[in-house]
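Chemist: The structure under discussion is supplied below as structure tokens; questions concerning it will follow.
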Amino acid sequence: MSLPSQGRSKDDVFAALEAARAQDFPWRDGKLFALVFDGGRDVEEVGKKAFMAYLSENGLDPTAFPSLRQFENELVGIARKHLGGDERVVGNFTSGGTESIMLAVKTARDAFRAAHPEVDTPELIAPITAHAAFHKAAHYLGVKLVPSPVHPETFRADAAAMAALVNERTMMVVASAASYAHGVIDPVEEIAALAQARGLYCHVDGCMGGWVLPYFKRLGAPVPDFDFRVPGVTSMSMDFHKYALCPKGASVVLYRDEALRQHQLFACSEWTGYTMINNTIQSSKSGGPMAAAWAVLNYVGDEGYLAFAKELLGARDALVSGIEQIEGLRLMGRPEMSLLAFTSDEVDVFVLCDELKAQGWMVQPQLRFGPSQENIHLSINPSNTKWVGAFLSALAETVAKLRASGRGIERPIAAAEAIAAQVRSDTTGEGVRALVSALAGSDGGAPGEMAPINGLLNALPSDVQSRLLIAFVGAMFTPKADV
Ligand SMILES: *Cc1c(COP(=O)(O)O)cnc(C)c1O
């Protein structure tokens, strides 16, 4: 691809953008159980209009755009109240859960280093169910993530196991409310008490649950305290672009007080340009996501979110009981969120994903890890709720068909062993790249049938998985050669 020498017409440009969409999953139909948190056309319109209205304004300079500072402070004010924080709780608007988590880990690291300059590599104890963003933060920030086991049936963090991993290098413990994979809430009170007793920071990841769990609680669902009401919780993350149904690029990170948040902020006057003051990772920063989040929250309002939560809770309960009635399927843990995971000991869940996709349903495969065997994840969003019955029927029929076929579960152990040996002996990366292009097809795109690849990845040890996945990503993001 090269730049056209003459600019193309607007019509031509927009037609090309629309045509490209034909490759994408039609999320508005409501058959996608992940990735897009769709509150319907009306909420979408409000978010997009506000996004466009502030797209060009730049959060880099709050003295030029006090409007954005106002939106940010108001959003943080709403968030801290929602999460049981008092007036001392402060925070910032960020681009997503990953940025919120990255900042919380960086803040704890810098606060910990100030008190413990002798520790080279501070440690972060995270249950194996904590979001991959904590691994990414540790990887970027020179922190060591110490994984902690979870209960093999409830998939909740084990506070005693976390306590046993604390040492003089430990800076932070993590709890999820709720966890992504299984939608369960970790024992936040126990984990925060451990943090308090040992002088550690305690981050509660409420990216998924922070917004919706307080509504579930008001609707009578059993939701334990998981937020700033719990003594010892020092920071939290909560995504507006998930269950607050805002356009993407919208999350918040909160801290117990300003003394801790200070370690997040960055200012620089040691160069020849403008005095830079940055509250988050981005510097030039579109006002779009912030204005959109502000608009959607104010448009939907408390009663509106309560109504959405009621729909989600109803759909979650119907899916849970429906899945429990399908012979051959098994729910994993007791989902406390509108997120759930189920597995099977009879049919291949990766084949099941492909079969459902062929029928127009998109669900998320999750590879085995620790006590969590390979499974299928659903993040339920409002656009899914009308399809619960139809989805359960399709699921039941497909499972029955796969059971009747006697196809069973593919376990490519021998292939995985051969590949693991090949990958581990490849020092240059050439062999891994060749292997990946053979698996994925020459253009590096994701193939239609994913079951063979998921089955293979699932059978590989995690160091080999990572090397293959990184080669996959590299291949996917390599422009085609000009012809
Ligand atoms: C989505 C999610 C994240 C990461 O958020 P992004 O917005 O994708 O960066 C972190 N934690 C949990 C529990 C999540 O569900």
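Chemist: Helices (runs of 4 or more DSSP H) wholly in the stretch 409-482 with at least 3 residues that are under 22 Å from VAL347 (Cα atoms) and touching a Lys or Arg at 6+ places or on another chain (Cβ under 9 Å) - which ones? Break it down stepwise before answering.
Modeler: Details: elements: 413-424, 430-440, 451-459, 462-476.
Ranges flagged: 451-459.
Chemist: Shifting gears a bit: Cβ-Cβ under 9 Å, sequence separation 6+ or interchain: first residue in the stretch 95-108 and of a type in the set (Lys, Arg) and more than 8 Å from the ligand (Cβ to nearest atom), partner assigned to a helix (DSSP H, G or I) and open to solvent by 10 Å² or more (accessible area, probe 1.4 Å). Which pairs?
Modeler: What qualifies is LYS106/TYR140; LYS106/LEU141.
Chemist: Considering only residues that are surrounded by 17 or more Cβ atoms within 10 Å (Cβ to Cβ) and in contact with a Pro (Cβ under 7 Å, 6 or more places away or on another chain), which ones fall in the stretch 146-161?
Modeler: Once the filter is applied, which keeps residues that are surrounded by 17 or more Cβ atoms within 10 Å (Cβ to Cβ) and in contact with a Pro (Cβ under 7 Å, 6 or more places away or on another chain), the stretch 146-161 yields SER148, VAL150, ARG156, ALA157, ASP158, ALA159.
Chemist: Go through the stretch 388-435 and give me each residue that's closer than 16 Å to ILE470 by Cα, out of contact with any helix residue (DSSP H, G or I) (no Cβ under 9 Å at 6 or more places or on another chain) and of a type in the set (D, E, K, R).
Modeler: GLU430
Chemist: Across the stretch 67-81, what is the number of residues that are crowded, with 22+ Cβ neighbours inside 10 Å and not aromatic (Phe, Trp, Tyr)?
Modeler: Qualifying residue count, the stretch 67-81: 5.
Chemist: Does the stretch 269-279 contain at least one residue that is within 15 Å of ALA177 (Cα to Cα) and in contact with a Gly (Cβ under 9 Å, 6 or more places away or on another chain)? Reasoning before the result, please.
Modeler: As a first pass, look at the stretch 269-279 and keep what is within 15 Å of ALA177 (Cα to Cα): none.
No: the stretch 269-279 contains no residue that is within 15 Å of ALA177 (Cα to Cα) and in contact with a Gly (Cβ under 9 Å, 6 or more places away or on another chain).
Chemist: Does HIS263 fit the bill of being surrounded by 17 or more Cβ atoms within 10 Å (Cβ to Cβ), over 30 Å from GLY40 (Cα atoms) and either over 25 Å from the mean Cα position of the chain (by Cα) or of a type outside the set (A, V, I, L, M, F, W, C) (or both)?
Modeler: Spelling it out, HIS263 is indeed surrounded by 17 or more Cβ atoms within 10 Å (Cβ to Cβ), over 30 Å from GLY40 (Cα atoms) and either over 25 Å from the mean Cα position of the chain (by Cα) or of a type outside the set (A, V, I, L, M, F, W, C) (or both).
Chemist: Tell me which of these LEU254 doesn't satisfy, since it passes every other one: (1) within 23 Å of ALA159 (Cβ to Cβ); (2) surrounded by fewer than 16 Cβ atoms within 10 Å (Cβ to Cβ); (3) within 16 Å of the ligand (Cβ to nearest atom).
Modeler: (2)
Chemist: Something else now. Is it the case, given these coordinates, that GLY40 is touching a His at 6+ places or on another chain (Cβ under 9 Å) and either more than 16 Å from the ligand (Cβ to nearest atom) or of a type outside the set (Ser, Thr, Tyr) (or both)?
Modeler: Taking the combined requirement at face value, the residue does not satisfy it.
Chemist: For the stretch 227-248, check the following and say yes or no: at least one residue is touching a Cys at 6+ places or on another chain (Cβ under 8 Å), more than 10 Å from the ligand (Cβ to nearest atom) and open to solvent by 10 Å² or more (accessible area, probe 1.4 Å).
Modeler: Checked the stretch 227-248: at least one residue is touching a Cys at 6+ places or on another chain (Cβ under 8 Å), more than 10 Å from the ligand (Cβ to nearest atom) and open to solvent by 10 Å² or more (accessible area, probe 1.4 Å).
Chemist: Next question. Can you tell me which residue within the stretch 172-195, out of those that are assigned to a helix (DSSP H, G or I) and open to solvent by less than 10 Å² (accessible area, probe 1.4 Å), is nearest to the ligand (Cβ to nearest atom)?
Modeler: VAL188
Chemist: Being in a strand (DSSP E or B) and within 19 Å of SER179 (Cα to Cα) is the filter here, so list the residues in the stretch 222-265 that pass it.
Modeler: Within the stretch 222-265, SER235, MET236, SER237, MET238, ASP239, SER251, VAL252, VAL253, LEU254 qualify.
Chemist: Considering the stretch 272-324 alone, what residues qualify as being outside any helix (DSSP H, G or I), farther than 21 Å from LYS106 by Cβ and open to solvent by 70 Å² or more (accessible area, probe 1.4 Å)?
Modeler: THR272, TYR274, THR275
Chemist: Looking at the stretch 39-66, which of the residues that are part of a helix (DSSP H, G or I) and charged (D, E, K, R) is surrounded by the most Cβ atoms within 10 Å (Cβ to Cβ)?
Modeler: The residue in question is GLU44.
Chemist: If the requirement is being charged (D, E, K, R), open to solvent by 10 Å² or more (accessible area, probe 1.4 Å) and in contact (Cβ under 8 Å) with a residue 60 or more places away in the chain, which of these qualifies: ARG169, ARG198, ARG218? Before you say what the answer is, go through the steps one by one.
Modeler: On the way: ARG169 fails: in contact (Cβ under 8 Å) with a residue 60 or more places away in the chain; ARG198 fails: in contact (Cβ under 8 Å) with a residue 60 or more places away in the chain.
Being charged (D, E, K, R), open to solvent by 10 Å² or more (accessible area, probe 1.4 Å) and in contact (Cβ under 8 Å) with a residue 60 or more places away in the chain holds for just one of ARG169, ARG198, ARG218, which is ARG218.
Chemist: How many residues are in contact with a Ser or Thr (Cβ under 7 Å, 6 or more places away or on another chain) and either among the small types (Gly, Ala, Ser) or part of a helix (DSSP H, G or I) (or both) when one looks only at the stretch 109-142?
Modeler: Qualifying residue count for the region: 5.
Chemist: Please go through the stretch 117-131 and pick out each residue that is farther than 21 Å from HIS241 by Cβ and in contact (Cβ under 8 Å) with a residue 24 or more places away in the chain.
Modeler: VAL119, THR121, PRO122, GLU123, LEU124, ILE125, ALA126, PRO127, ILE128, THR129
Chemist: Further, regarding this structure: Please specify each residue of the stretch 103-145 satisfying the condition of being aromatic (Phe, Trp, Tyr) and open to solvent by 70 Å² or more (accessible area, probe 1.4 Å).
Modeler: Correct list: TYR140 only.
Chemist: Consider VAL89 against the criteria (1) in contact with a strand residue (DSSP E or B) (Cβ under 8 Å, 6 or more places away or on another chain); (2) away from the ligand (no atom under 16 Å from the Cβ); (3) over 14 Å from SER237 (Cα atoms); (4) open to solvent by less than 40 Å² (accessible area, probe 1.4 Å): it satisfies all of them except one. Which criterion is unmet?
Modeler: Here VAL89 clears every test but (3).
Chemist: Here is a further query. Take the residues in the stretch 202-221 that are in a loop (DSSP other than H, G, I, E, B) and over 19 Å from ILE78 (Cα atoms); name whichever of them is farthest from the ligand (Cβ to nearest atom).
Modeler: Only one residue fits best here, namely GLY220.
The values are calculated or read from the model by the stated rules, or taken from the named source; none is laboratory data. Values in this document were obtained by computation on a predicted structure and should not be read as measured data. Positions of Cβ are backbone-derived with ideal geometry, glycine not excepted, and every protein chain shown enters the neighbour counts. Areas reflect the complete protein model, heavy atoms only, side chains present, ligands, DNA and RNA absent. Shrake-Rupley method; radii C 1.70, N 1.55, O 1.52, S 1.80 Å.
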